[in-house]
1. Using helices alone, what [θ] at 222 nm do you get for the chain, with -39,500 (n - 2.57) per DSSP H run of 4 or more residues, divided over all residues and rounded to the nearest 500?
2. If you take every residue apart from residue 64 with its C-beta less than 15 Å away from the C-beta of residue 64, what net charge results, scoring Lys and Arg +1 and Asp and Glu -1?
3. Kirkwood Rh over Cα pairs of the chain into Stokes-Einstein at 37 °C, 0.692 mPa s: D in µm²/s?
4. Which of 94, 287, 35 moves the most in a Gaussian network model of the chain with Cα springs under 10 Å?
5. Once you list every other residue whose beta carbon is under 13 Å from the beta carbon of residue 102, what net charge do they have if Lys and Arg are +1 and Asp and Glu are -1?
6. If you count, for each residue, the other Cβ atoms within 10 Å and average over each peptide, how do 169-179, 190-200 line up from highest to lowest?
7. Less than 9 Å Cβ to Cβ from residue 76, Lys/Arg counted +1 and Asp/Glu -1: what total charge do the surrounding residues give?
8. What order do you get for 5-11, 302-308, 122-128 when each peptide is scored by the mean count of other beta carbon atoms within 10 Å, highest first?
Amino acid sequence: MTETLLQRFGQFTETVTYATLPAAVIQSLKERALDTIGLCLAATPLDTSRMMVEMVSHWGGHAEATAIGTSQSLPAPSAALINGTLAHSLDYDDTHLPSVLHPSASLIPGVFAAAEAIRADSKDVLAALAVGYEMCVRSGMAGYDRALGNSVFFERGWHATSICGTLGVAAAVAKLYRLGAAGVMHAVGIAASMGSGIIEGNRAGGSVKRMHCGWAAHAGLVAAQMARAGFTGPPSALEGRFGFYQAFCSGQFDEGEFVNGLGETWCVPEIFYKPYPANHFTHAGIDAALKLAARIDNLDDIVDIELGVPSPVLRTIAQPPEQQARPQSGYHAQFSGPFTIAIALMTKVTGGGGLGLWLDDFIDV
């Protein structure tokens, strides 16, 4: 009988230890952990961060893991929810292309919360993270349409980061729990029923997207705990007739993207850090605006700006035009091509910059 994708992936995880990881992968994992913790700390002043901490704190429970930026120790899934929300809130988290995934914002909070709760060895944490990144990125890449030039998840309105992130966290925490190949298979099979997130907020506004990575961290961790408790998931949860890719991508997926090079090539060093705290589709426009600003003395000399982009980018950062031209919040502005270009031009001249640009107060300028 042919092995399923999760059975093959589970067997792969059995071969992964700290000692088998390439030095470049280990170094990259450490850097991403520091970067993500820094993003969490930077996001603590946001209203959405405060709301999430207050809400989750009321749930109570055993003190297991730290809510970053606070003195609180909460149940591991609760800490993962808070920290994942913080990590994604500034839209400054690292990005894998062309899958358009932000893996670290769910993986680091989810795995670190689980690790703190069981006092895991740091080398085991790194091995678990390596497994989680592979699951997250490979599941996302399998849903990428090269002919279309975009993620099938995104074309259907799904946020691949939170959906594939849930699978990644489940695989990583199951590895950390030493559940073996079958346990990883079951954890991810369970997580396939738990991942969620739509991207309408990118287009129309709203703050809910900030919690997508928090939910992925939370749900993936809980899926691994369920597997540890004895729950099982379908071995064909990914490619099955009523499985993950049928549900999220109408059955359109590339199996080769998931399995090719498994255990030989590693995705982690290929994930890049964002130069600007905004949707990555806005970055080319920001770069162009900064170059333009360096060549002119007076912004009033600019009559019109035309930016050519592919259709998936157009839908994300320019439509509907009336909303993208006048975003209703600082967070909505991070997904606006016109607004980010204008900010880049203004701050080059006035000397502004930094994370403060994306706060709600700047909308009134």
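What follows is calculated from the coordinates using simple rules that are stated; it is not laboratory data. Model, not experiment: these values are computed from the prediction. Cβ: placed from backbone, ideal geometry, glycine included. Neighbour counts: every protein chain shown.
1. Values: 18 runs with 202 residues, N = 365.
Result for the chain: -17000 deg cm²/dmol, rounded to the nearest 500.
2. Values: positive: 119, 228; negative: 116.
Charge balance in the 15 Å sphere: +1.
3. Details: Rh = 20.7 Å.
My calculation gives 158 µm²/s for D.
4. Ranking 94, 287, 35 by mean-square fluctuation puts 287 first.
5. On the way: positive: 32, 209, 210, 274; negative: 35, 91, 93, 94.
Its environment carries a net charge of 0.
6. Numbers: 169-179: 28.8, 190-200: 21.1.
Ranked by mean Cβ neighbours within 10 Å, highest first: 169-179, 190-200.
7. On the way: positive: none; negative: 64, 116.
Overall, the nearby charge balance is -2.
8. Values: 5-11: 22.7, 302-308: 9.0, 122-128: 19.6.
Top of the packing list down: 5-11, 122-128, 302-308.
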